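Here the structure is laid out as C-alpha cells; the discussion comes afterwards.
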Amino acid sequence: MKELIEELKTEIIDVLNLEGMTPADIDENAPLFGEGLGLDSIDALELIVLMEKNYGIKLANANEGKEIFKSVKVMAEYIKEHRTK
Amino acid sequence: MGKHNFDIESYCRITNDKVVVNNELLMQKGESGDWLADIYHHIGMQYPKFFKMDHLCKVGTLAAELVLKDKTFDRETVKADWAVILMNSASSLDDDRQYQETIRDRENYYPSPSIFVYTLANIVTGEIAIRHKIGGESSFYVFEHFDGARMDELVARAFDDNPELNTLLCGWVDYDTDGCDVLLCSFIRKESKESSENIAEYLNQLYKNQ
Amino acid sequence: METTERNHIIYAIGEGVVSPLGFTASTVYEAVRNGERAGRAHEGTFGLPEPFFASLLDEARLKNAFSALWDYGCDGYTKLEMAAILAANQAIEEANIAPDRDNVIFILSTTKGNVELLEDNPYEPERLYLWHTAQMVADFFDNPNTPIVVSNACISGCAAQIEAFRQLRHAGYRYAVVVGADMLSKFIISGFQSFKALSPELCKPFDGSRRGLNLGEGAAALVYTIDDPGTELPAGTLVAEGEAICNDANHISGPSRTGEGLLRAIQKATKGYDTSRTAFINAHGTATPYNDDMESIAIHRAGLQDIPTNSLKGYFGHTLGAAGILEVILSAHALRNGIVLASAGTEEPGTAADIHICLETKPVQGDGFLKLISGFGGSNAVLRFSITK
C-alpha cells in the first residue's frame with residue numbers, strides 16, 4: 001500500500017503538472033480538491049484518465065471520481081481493490 | 001495619422017531568442033531547453049497554473065504579465081472596463097498536434113482532457129482574463145500574417161465602439177512548430193485628438209525590430 | 001456598441017444553412033417547426049472506440065449539392081469547405097450581391113476548421129490553418145479582400161456577426177458575408193468525451209435530468225448590410241440592434257457559477273431598451289448541467305425570467321462555429337411567424353434559477369429577440385435583434 005501511495009503521488013505530480021512539488025509535499029490524507037492541492041475540474045478529468053491508463057479502471061463520470069479522489073490514500077485503496085493492470 | 005483616442009501604454013515582444021519590454025532587452029535565450037519556463041522564473045512570476053497551460057497560453061500569459069508589470073490597477077476585482085483582443089496565424093495548432101498524439105494510436109488511446117481544453121485559440125484570452133480579472137470583451141482572430149494596420153484598426157474601433165473601455169490588451173500571440181512570436185501591447189483611452197503619429201507603422205516597427 | 005442612438009442600421013439580406021435537417025434555411029426551419037431531431041446514435045464512426053450521439057451531415061448529399069454548384073466537382077475541397085461555401089452561396093444569392101466586389105468582406109466563424117486533417121492530410125499543410133480555410137471560401141467567390149477568421153470557441157458564430165457589424169460601421173464595407181461552420185471528427189468527439197460532456201442520449205436542454213450535450217455538424221451564413229437609419233425595410237427584415245461580449249474571468253472551461261459575464265453581456269446589449277419588446281430569448285442551452293444552470297442564473301438576475309426562453313440544440317445539437325449563426329437564422333424565421341420554437345428535448349425544466357422554458361411552440365408578443373451564447377475561455381456574447389413589421 002505504501003508503495004502504491006508513493007507511486008500515485010509521483011504520477012499525480014506528473015500528469016497534473018504540479019510544478020515544484022515533490023511526493024513528500026503531498027499529504028496522503030489531505031483532500032486533493034478544494035483546499036488541499038487546489039485542483040480543479042479539468043484535473044479531476046485527467047485523474048480519470050490516469051486511473052484508466054495506468055490501472056485499467058474505467059469511471060463513467062466525474063461524479064464517481066468525487067468519492068475516489070478524496071485523498072491519495074482513498075484513491076490508492078480504490079485502485080488496490082479494482083485495478084485490472 | 002488622423003484622430004486617435006488611445007495611447008500605447010506598454011508593449012512586450014517575445015520571440016524564440018529574446019524578450020523586449022518597452023524598448024529594453026529583458027532577457028536573451030540561454031542554454032536551458034525550456035525558454036518559456038526560463039522567462040517565467042526570470043520575471044519571478046508566482047502562478048502554478050502556468051505549468052498546466054499549453055505553449056500558446058504560456059507565452060500569452062507571460063507577455064500580459066510583462067506589459068502590466070508596472071501598471072497600477074485593481075488586481076482583486078473583475079474589471080468590466082478592460083478587454084483582451086488577440087490574433088495569430090496558427091490558432092491552437094501547436095496544442096492540437098499534441099492532443100492528436102493522445103488519440104492517434106488505437107492501442108494507446110487516452111484522449112487527454114487537460115490537453116483538449118487548450119485546443120481552442122481563444123483560451124489564451126481566457127487565461128489572461130482570469131489572471132488579470134478582465135471582464136470586458138475577449139476576442140480572438142486568425143490572420144496569415146501580423147499586420148500593424150489591422151491591429152491599429154482593431155484598437156481604434158474598440159475604443160470608439162465601447163465608451164466603457166479604458167484598458168485594452170491587444171496583440172499578436174502565435175505559437176507554431178517554429179516556436180513563439182508575440183507582440184502584445186496595453187492601450188489606454190485618451191481624449192480623442194488629431195495626431196500625426198502613424199500607429200500602424202509604429203506597430204510594424206515594433207514587430208520587425210524584434 | 002451599447003448606445004441606443006445610432007447613425008445607421010445594420011440588417012440581414014441573405015441567409016444560408018447546410019444542416020442534416022436540410023440544405024436551405026427554409027427547409028431546416030420547417031423541419032424544426034415539425035419537431036424533427038437530427039441526433040442519432042453512432043457506433044464506430046470516425047474510428048472512435050466509444051459510441052456517441054450526434055447530428056452528422058451526409059457526405060454524399062453534401063458532395064452532390066456542391067457538384068451542382070461547382071462544375072469542377074468536389075475534388076480538392078474538404079467537407080467543411082464545401083458546407084461553408086454552400087451556405088455562403090445561398091446567402092449571397094438571396095442577398096443578390098456581387099461577392100467579387102471590393103465592398104464585400106468575408107468573415108468565417110469556426111472553432112476547429114479542418115482539424116481532422118491532423119490524422120491524415122492529403123492536401124497542402126496550410127489546409128490546417130483557419131486563415132487558409134477562410135481564404136478558400138473567399139477565393140471561391142473571387143472576393144479580393146483578406147477574409148477575417150473569428151475563433152472564439154462556442155461563441156464564434158455570434159462574435160463573427162459582431163465582427164461583421166464592426167466591419168460595416170468602421171471599415172467602409174457595404175456587405176459582410178458571415179459564414180460559420182464546423183465538422184465533427186475523432187478529434188472533436190474524443191475531446192468532448194474526455195470532458196464527460198456528451199449526453200448518452202438525445203440532449204435535454206434545461207431539463208432537470210439533462211446529462212450533457214449532443215454535437216452537430218452544420219454551416220450557416222448571413223449577409224449583413226448597412227444603411228441610413230431612415231431606410232424603409234421590407235417587413236420581416238432581421239435588424240441588429242445591440243451586441244456585447246463579456247468575459248467571466250473565472251475559469252477556462254467551467255461556466256461562472258453566478259453567470260457574471262453573461263449577465264454583464266445581457267445588460268450591455270439591452271441597455272436603454274424596453275425589454276417588454278422581447279418576444280423570446282434564444283439561449284445557448286447546451287444541456288450540460290453547468291451551462292444551463294449558469295444561463296438560468298444570468299437570465300434570472302437580469303430580470304428576464306418571465307420571457308419565453310428556448311434552446312435549439314435538441315434539434316441539431318451544438319454546431320460549434322455555426323451555432324450562433326444557425327440559431328439566429330431560425331429564431332428570425334420563428335419571430336417572422338410570430339412564434340417561439342419549442343425547446344426540443346426539454347421535458348421537466350430544472351435549473352438553478354427558475355426561468356420560462358418553452359416546452360411547446362407557441363405565439364409570442366413583441367418584435368425583438370435576444371440570442372445568448374457562452375463558451376470555453378469564459379466568453380459570453382449577447383445579440384439583440386428585431387424583426388420589422
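Key figures for this structure:
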item: Cα gyration tensor category, rounded, prolate or oblate, for the stretch C:99-214 with a/c compared to 1.5; result: oblate
item: Alpha-carbon Rg/Rh ratio, for the stretch C:254-389, with Rh computed the Kirkwood way; result: 0.92
item: Average other protein chain Cβ within 10 Å of Cβ, residues C:129-139; result: 3
item: J(HN,Hα) series, the stretch A:72-81, from Karplus relation 6.51 cos²θ - 1.76 cosθ + 1.60, nearest Hz, glycine and proline x; result: 4, 5, 4, 4, 4, 4, 5, 5, 4, 6
item: Cα centroid of the stretch A:56-73 to Cα centroid of the stretch B:103-129, whole Å; result: 21 Å
item: Coarse-grained scattering of the protein assembly as shown at q = 0.05, 0.08 Å⁻¹, given as base-10 log I(q)/I(0) from a Debye sum over alpha-carbon atoms; result: -0.22, -0.57
item: Calculated over the stretch C:128-191: convex hull of Cα atoms, volume per residue (Å³); result: 92 Å³
item: Per-residue ³J(HN,Hα) for the stretch C:45-61, Karplus 6.51 cos²θ - 1.76 cosθ + 1.60, θ = phi - 60°, Hz, x for Gly and Pro; result: 4, 6, x, 7, x, 10, x, 7, 9, 6, 9, 10, 7, 6, 5, 5, 5
item: Two-decimal log10 I(q)/I(0) for the stretch B:7-127, as the Debye equation yields it once each C-alpha is a single scatterer, q = 0.16, 0.21 Å⁻¹; result: -0.89, -1.34
item: Tail weight of P(r) past 23 Å, computed on alpha-carbon pairs of the stretch C:21-145, percent; result: 41 percent
item: Most to least packed among A:63-72, B:4-13, C:294-303 [average Cβ atoms within 10 Å]; result: C:294-303, B:4-13, A:63-72
item: Derived scalar couplings ³J(HN,Hα) [the stretch C:323-338; Karplus, 6.51 cos²θ - 1.76 cosθ + 1.60; whole Hz; x for Gly, Pro]; result: 3, x, 8, 4, 6, 5, 4, 5, 5, 5, 4, 4, 5, 4, 8, x
item: Debye, to nearest 20: dipole size of the stretch C:4-227, +1 on Lys, Arg Cβ, -1 on Asp, Glu Cβ; result: 800 debye
item: Size-normalised alpha-carbon gyration radius of the stretch C:90-130, reference 2.2 N^0.38 Å; result: 1.63
item: Mean projection area, nm², convex hull over Cα of the stretch C:4-227; result: 13.8 nm²
item: Peptide-level mean, for C:183-196, of C-beta atoms on other protein chains within 10 Å; result: 6
item: Other-chain or far-sequence residues with amide H under 5 Å of C:Asn214's (modelled H); result: C:Ser199, C:Cys203, C:His318
item: Tail beyond 31 Å, pair distance distribution of chain B (Cα, percent); result: 19 percent
item: Alpha-carbon Debye profile of the stretch B:126-210, log10 I(q)/I(0) at 0.10, 0.21, 0.23 Å⁻¹; result: -0.28, -1.18, -1.35
item: Cα principal axis extents for the stretch C:194-246, largest first, Å; result: 50, 24, 23
item: Cα gyration tensor of the stretch C:59-112 - equivalent ellipsoid semi-axes, whole Å, descending; result: 21, 14, 10
item: Peptide-level mean, for B:81-89, of C-beta atoms on other protein chains within 10 Å; result: 2
item: Helix-derived mean residue ellipticity, 222 nm - over the protein assembly as shown, DSSP H n ≥ 4, -39500 (n - 2.57), to 500; result: -10500 deg cm²/dmol
item: Stokes-Einstein diffusion coefficient of the stretch C:177-222, Kirkwood radius over Cα pairs, 25 °C, 0.890 mPa s, in µm²/s; result: 203 µm²/s
item: Virtual spin-label span in nm between B:Tyr47 and C:Asp102, 7 Å along Cα→Cβ; result: 4.2 nm
item: Sequence-distant residues sharing a close amide H with C:Ala279 (under 5 Å, placed H); result: C:Asp367, C:Gly368, C:Phe369
item: Amide H contacts under 5 Å for B:Ala90, placed H, 5+ residues apart; result: B:Tyr175
item: Among B:Asp176, B:Asp38, B:Asp161: highest mean-square fluctuation, GNM of chain B, C-alpha pairs under 10 Å; result: B:Asp161
item: Whole-angstrom gap from the stretch C:315-389 to the stretch C:118-137, using each part's C-alpha centre; result: 32 Å
item: Rg and Dmax of chain C, Cα atoms only, in Å; result: 19.2, 58
item: Convex hull per residue volume in Å³, alpha carbons only, for the stretch C:1-55; result: 169 Å³
item: Alpha-carbon centroids, the stretch B:16-45 and the stretch C:68-117: separation in whole Å; result: 43 Å
item: Using distinct alpha-carbon pairs, which all enter the 1/r mean, Kirkwood radius of the stretch A:2-82 in Å; result: 12.5 Å
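Any read-out appearing in this document is the output of simple, stated calculations on the displayed coordinates, not a laboratory observation. Because the structure is a prediction, the values reported are computed rather than measured. We place every Cβ from the backbone using ideal geometry, glycine too, and count neighbours over all the protein chains shown.
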